[in-house]
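Participant: Here it is, the structure, as structure tokens.
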């Protein structure tokens, strides 16, 4: 057990969480709002893709896996190319400006997406969406690293994961029903899809305004202004010379892509299973929304537990436990016959628990190990590795989905989680934390 994490009583207190000196309660509450809305906004478009492909573009089912993989390829290439620079930019001009710009760009992507008239145009709009996603991912994870004192880091990240889950659950359940509700009101299937996606996208504009008002206006560490941009970028990736940071990057490769892979292929799998069971596309989408809500919302209690655990154990030990749970969850879910069957519910809960635990563990580890001088750059590199992992998982998963089995993306993520767990065991034995 480890009880030596630092605690400065001069900082502001937000409930049971201690914030860094100079971070106000308004800043803290704004961060909680960001954590509540961001993951849902980033994932919801993935969830709606099968409906857009089938109903709005008329693409045959047998091409869905490759179509999703094509868009994922563009999305992740944009993230890989921009998330590091956005992290470094956040160190130079401030988190608030970059995050607000990200929400605006993301909202523009949402507005355009349902009006695409071809797969090529849909992919272009997906690239616009990805630019906003890169700015949001690089920045809100940096703020999450900036704001808590070390004594409360695991608890705040766990609370963030709970808010991520609640926000994603709300969008998955309510947003997943919007198309059906509009269709039942007499709106055409295409019109219902457009209204639902645009309505969710409007949240991006609201979020940009909230961030501009509530986050810190100045840089948390003014010395970032004196470091050349290219040096910030180079040092962020160079931080991987530390084995513990390299492990955190490997965890990001798996954990940061988990939410995207689950949102993308759970929905696609549910559409196929629903079609086989004779369900209409809007009904299958509704059932998929419920299952995604279960996967996202059920692990709330284990998130709180892992938050406390991460503030008491060596954080690499917590990562070992989290990756073990993720391995079991992914392999079990990928072995199901259908994600809509009754037995999918407990397995989905297990999957969600592993997913949340691995995200908390990886984020807490990088928050502890990152050099405060280049926190944005290090978190940018951390998220870039997450984008690379999502790229591999999305593209390879789409191919395996079409040619092997619908559970293949989940099986693949399970084996990858196992490899990171073994790497974490090695780092824990060879490179203990230094205080």
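Participant: Restricting attention to segment 335-343, does a residue exist that is in a helix (DSSP H, G or I) and touching a helix residue (DSSP H, G or I) at 6+ places or on another chain (Cβ under 9 Å)?
Facilitator: no
Participant: Which condition from (1) at pLDDT 75 or above; (2) surrounded by fewer than 22 Cβ atoms within 10 Å (Cβ to Cβ) is the one that residue 254 breaks?
Facilitator: Only one criterion is unmet by residue 254, namely (2).
Participant: Among the residues that make up segment 122-135, is at least one of them under 26 Å from residue 304 (Cα atoms) and at pLDDT 80 or above?
Facilitator: no
Conditions tested, residue by residue: (1) in a helix (DSSP H, G or I); (2) more than 19 Å from the chain's Cα centre (by Cα); (3) at pLDDT below 75.
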site: 23; (1), (2), (3): no, yes, no
site: 44; (1), (2), (3): yes, no, no
site: 64; (1), (2), (3): yes, yes, yes
site: 78; (1), (2), (3): yes, no, no
site: 84; (1), (2), (3): yes, no, no
site: 97; (1), (2), (3): yes, yes, no
site: 109; (1), (2), (3): yes, no, no
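Every residue, every condition in (1) over 26 Å from residue 294 (Cβ atoms); (2) modelled with pLDDT under 85, yes or no:
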site: 162; (1), (2): no, yes
site: 172; (1), (2): no, yes
site: 180; (1), (2): no, yes
site: 185; (1), (2): yes, yes
site: 217; (1), (2): yes, yes
site: 229; (1), (2): yes, yes
site: 233; (1), (2): yes, yes
site: 236; (1), (2): yes, yes
site: 244; (1), (2): yes, no
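Participant: Look at residue 104 and say whether it is surrounded by fewer than 21 Cβ atoms within 10 Å (Cβ to Cβ), within 21 Å of the chain's Cα centre (by Cα) and in contact (Cβ under 8 Å) with a residue 12 or more places away in the chain.
Facilitator: In short, yes.
Participant: A further question on this structure: Quick one: would you say residue 362 is at pLDDT 80 or above, in a helix (DSSP H, G or I), more than 30 Å from residue 91 (Cβ to Cβ) and in contact with a helix residue (DSSP H, G or I) (Cβ under 8 Å, 6 or more places away or on another chain)?
Facilitator: It is false that residue 362 is at pLDDT 80 or above, in a helix (DSSP H, G or I), more than 30 Å from residue 91 (Cβ to Cβ) and in contact with a helix residue (DSSP H, G or I) (Cβ under 8 Å, 6 or more places away or on another chain).
The values are calculated or read from the model by the stated rules, or taken from the named source; none is laboratory data. Computed from a predicted model, the values in this text were never measured in an experiment. All Cβ positions, even for glycine, are placed from backbone atoms using ideal geometry, and neighbour counts span all protein chains on display.
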